[in-house]
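Comments concern the structure below.
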Amino acid sequence: MTSTQITARQIVFDQHGTMSKSNKEEKDDNDTLWNAFFSPLLHSLSNKLSPSTIKPESMQVQVPFDVSRYLGRWFEIARLPVPFEYRHVNVTATYSISNDAKKRQTADKINPASPLIRVVNQSFKNSISKESNYRRIEGIGVVPDMSNAAKIKIRLGKQRTWANYWVFAVDELYATAIVGSPNRSVLWILVRHLDQELDSDWVQGHLQRLKSYGFPIHQMITTKHQNFPSRS
């Protein structure tokens, strides 16, 4: 099958699960977007879905993985539904190196050799029409084993426990990534720019792999972005 190049703003899947460019106007409702764009693809991926027997230690993550190239801002374009992102739009995650001495002490308990990663997640609840809808939460990330750097631990806000943040795949340009947790409760597709080109075969291939790990791919929803400017 020939790989199709489309942009992150235009992802569409037909009844066969083939990614193509949409000629339809963007809808306001995430469920409508889901039904039109992702549902046919993920329905095909989820046929005869059975519980996975694959243990987390057998799940493949991105190798090699360069933490420094992963830093910067990412736009979320699809996710598994989770309560803390219910009806959130314009979701972004920004990663940078932190020099916070107090937080460095916390990270050192995991791995003193790891860079200390500052995490800033931003979004709006329902719409961007009101400033009160704005949401922001900060945290830190650390790599427990630098020889397997795609397996990151993250702690957000006032949480006392660390969450697994595994980079299952990132493309050669570090422009598209698929990340989640080995417990299969969260999964995100991230891009650097909303108007960048996506490789349909690359995305679908990794979704197939994650389906084999037991991720409920058929439950994923698209993430709406309102009034974000195109890349110049």
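Considering Gln159, Gln196, the condition of being over 30 Å from Ala113 (Cα atoms) and not aromatic (Phe, Trp, Tyr) is satisfied by Gln196 alone. For region 146-168, the condition holds for at least one residue, the condition being that it is under 13 Å from the mean Cα position of the chain (by Cα) and of a type in the set (A, V, I, L, M).
Do you know which residues across region 176-232 are polar (S, T, N, Q) and assigned to a helix (DSSP H, G or I)? Passing the criteria: Ser200, Gln204, Gln208, Ser212, Gln219. For region 141-157, the set of residues classified as of a type in the set (A, V, I, L, M), surrounded by 15 or more Cβ atoms within 10 Å (Cβ to Cβ) and over 23 Å from Asn90 (Cβ atoms) consists of Val142, Val143, Ala149, Ala150, Ile152, listed by residue number. Taking region 68-103 as the range and being basic (Lys, Arg) and either under 16 Å from Gln219 (Cα atoms) or free of Cβ contacts under 8 Å to residues at least 12 places away in the same chain (or both) as the test, the residues that pass are Arg79, Arg87, Lys102.
Counting only residues that are surrounded by fewer than 17 Cβ atoms within 10 Å (Cβ to Cβ) and touching a strand residue (DSSP E or B) at 6+ places or on another chain (Cβ under 6 Å), region 197-225 holds 1 of them.
Test Ile110 against the criterion of being assigned to a strand (DSSP E or B), among the hydrophobic types (A, V, I, L, M, F, W, C) and either loosely packed, with under 15 Cβ neighbours inside 10 Å or modelled with pLDDT of 95 or more (or both), and give yes or no. No; evaluated as a whole, the condition is false for this residue. The single condition among (1) outside any helix (DSSP H, G or I); (2) over 29 Å from Asn227 (Cβ atoms); (3) modelled with pLDDT of 65 or more that Gln105 does not satisfy is (1). In this structure, Glu172 does satisfy being free of Cβ contacts under 8 Å to residues at least 24 places away in the same chain and part of a loop (DSSP other than H, G, I, E, B). Among the residues of region 60-71, not a single one is under 29 Å from Lys158 (Cβ atoms), modelled with pLDDT under 95 and over 14 Å from the mean Cα position of the chain (by Cα).
State yes or no: is Glu85 acidic (Asp, Glu) and at pLDDT below 95? Against the criterion (acidic (Asp, Glu) and at pLDDT below 95), Glu85 qualifies. In region 179-196, how many residues are surrounded by fewer than 21 Cβ atoms within 10 Å (Cβ to Cβ) and closer than 20 Å to Phe75 by Cα? Residues in region 179-196 being surrounded by fewer than 21 Cβ atoms within 10 Å (Cβ to Cβ) and closer than 20 Å to Phe75 by Cα: 8 in total. Does at least one position in region 138-159 carry a residue that is under 16 Å from Ile189 (Cα atoms) and part of a strand (DSSP E or B)? No; the residues of region 138-159 include none that is under 16 Å from Ile189 (Cα atoms) and part of a strand (DSSP E or B). Which of the residues belonging to region 56-102 are buried (at least 18 other Cβ atoms within 10 Å of the Cβ), hydroxyl-bearing (Ser, Thr, Tyr) and assigned to a strand (DSSP E or B)? Residue satisfying the conditions is Tyr95 alone. Apart from one condition, Thr176 fits all of (1) more than 22 Å from Asn90 (Cβ to Cβ); (2) crowded, with 20+ Cβ neighbours inside 10 Å; (3) among the polar types (S, T, N, Q); the exception is (1). Here Val186 meets the list (1) under 13 Å from the mean Cα position of the chain (by Cα); (2) more than 21 Å from Met59 (Cα to Cα) almost entirely, failing just condition (2).
The values are calculated or read from the model by the stated rules, or taken from the named source; none is laboratory data. Owing to the predicted nature of the structure, the values given are computational and were not obtained by experimental measurement. Neighbour counts run over all protein chains shown; Cβ positions are idealised from the backbone, glycine included.
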